[in-house]
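This report concerns only the one structure given below.
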Amino acid sequence: MWKERTEKKKFEEGFGEDVKEIYALTQDDVGSCRMKGECCWTASIRLLAYVDVKTAELKQEKRMLQWMLSDRENKKPGKVFRLKKETIYHLTVRESLPKKTKWSGKEMPAGTWLLLVDVRKRDVRHPQLQELLQEYQRPVYLPLSDTCQLQLNRSLNLFQGEGEWNAQQVEISLEADEQDDKHADETLYVFRRLQEDGAAWDEKARKYAAEQLLSCAIDWQDEAEDELRADDFARRIRIEAVNVSQGGEFELYYDDDDIFAGHVIIISGNLEKGLYDAQFAG
């Protein structure tokens with residue numbers, strides 16, 4: 001209990017003392033995590049937008065709403081406050097103080113995070129936020145060809161769907177632009193470049209996977225099997241999915257043909273460096 005109280009106190013010290021009321025529009029469901037060695041969990045839910053009750057100012061910058069949970073509270077449905085996605089609430093919150101992130105050291109301004117103090121009302125009707133919610137829920141499509149289009153998954157910020165790659169149907173995921181999630185100009189450009197030389201990239205990827213993973217694949221073989229050769233490895237695997245992220249990084253996902261007992265083979269690269277990593281997972 002002492003450690004739990006200490007962790008919660010330290011967490012709340014990262015927020016200002018002033019309490020403000022807001023109307024908040026949630027984006028996703030609640031999630032939670034905790035760092036190694038900690039006993040408390042940090043619950044969080046993303047906001048699409050919120051309105052300051054006192055000033056009526058609309059803030060459309062996405063914010064993360066957070067609160068601390070004990071291990072027992074984290075196991076409860078709804079994580080104590082029972083917030084749902086795509087819902088408008090009347091909340092009391094405290095804004096975070098300026099601080100540097102642990103991982104990047106980047107200075108984050110005040111108000112980047114909001115500490116949830118209380119839920120005053122649920123399912124609030126607010127014209128501005130309702131209009132934003134309707135726009136958010138409207139489907140957004142990215143055409144790849146006359147017969148193929150990807151649909152925006154707003155929670156993941158990805159355009160997803162099926163399309164053709166080297167004369168095969170594959171799953172395609174393109175990360176949306178950071179400034180305008182209705183477009184994916186950067187990742188679409190990379191995908192087009194890959195698609196233009198799909199056969200060459202497919203051959204490179206299969207050979208690269210064989211070079212990097214053959215010795216491990218042999219370790220997975222039954223003793224009665226003939227030792228797997230690199231050319232057999234490359235021939236057997238088949239592409240299943242193509243993912244492209246901001247910054248030009250891409251991942252090619254391959255069916256392993258049971259070489260690794262059904263694990264997926266993931267090959268990473270970019271247009272400048274080519275392929276630089278191969279692993280299996282799942």
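Rule-based calculations on the coordinates, nothing more; no lab input. These numbers come from a predicted model, not from an experiment. Every residue, glycine as well, gets a Cβ built from its backbone with ideal geometry; the counts of neighbours run over all protein chains shown.
Tabulated data for the structure shown
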{"item": "Loop GluC sites (Glu not before Pro), the stretch 132-224, which have at most 10 other Cβ atoms in a 10 Å radius of their Cβ (DSSP)", "result": "Glu178, Glu223"}
{"item": "Relative contact order (%) - criterion: Cα under 8 Å, at least six apart; region: the stretch 153-201", "result": "28 percent"}
{"item": "For the stretch 251-282 versus the stretch 1-44, the gap between their alpha-carbon centres in whole angstrom", "result": "37 Å"}
{"item": "Derived scalar couplings ³J(HN,Hα) [the stretch 145-157; Karplus, 6.51 cos²θ - 1.76 cosθ + 1.60; whole Hz; x for Gly, Pro]", "result": "7, 5, 10, 9, 9, 9, 10, 6, 9, 5, 4, 9, 6"}
{"item": "Among the listed pairs Lys36/Lys79; Lys10/Lys100; Lys10/Lys106; Lys9/Lys106, those beyond 18 Å (Cα-Cα)", "result": "Lys36/Lys79; Lys10/Lys106; Lys9/Lys106"}
{"item": "Selection from Trp165, Gly269, Phe191 lying farthest towards where the dipole of the stretch 139-281 points positive, charges on Cβ", "result": "Phe191"}
{"item": "Crossing angle, helix 185-196 versus the chain [Cα axis fit, 0-90 degrees, rounded to tens]", "result": "10 degrees"}
{"item": "Footprinting exposure proxy for Val30, Val117 (fewest neighbouring C-beta atoms within 10 Å first)", "result": "Val117, Val30"}
{"item": "Ratio of the Cα radius of gyration of the stretch 2-130 to 2.2 N^0.38 Å, where N counts its residues", "result": "1.04"}
{"item": "Debye intensity ratio in log₁₀ form over the Cα atoms of the stretch 139-281, taken at each q of 0.17, 0.22 Å⁻¹", "result": "-0.90, -1.31"}
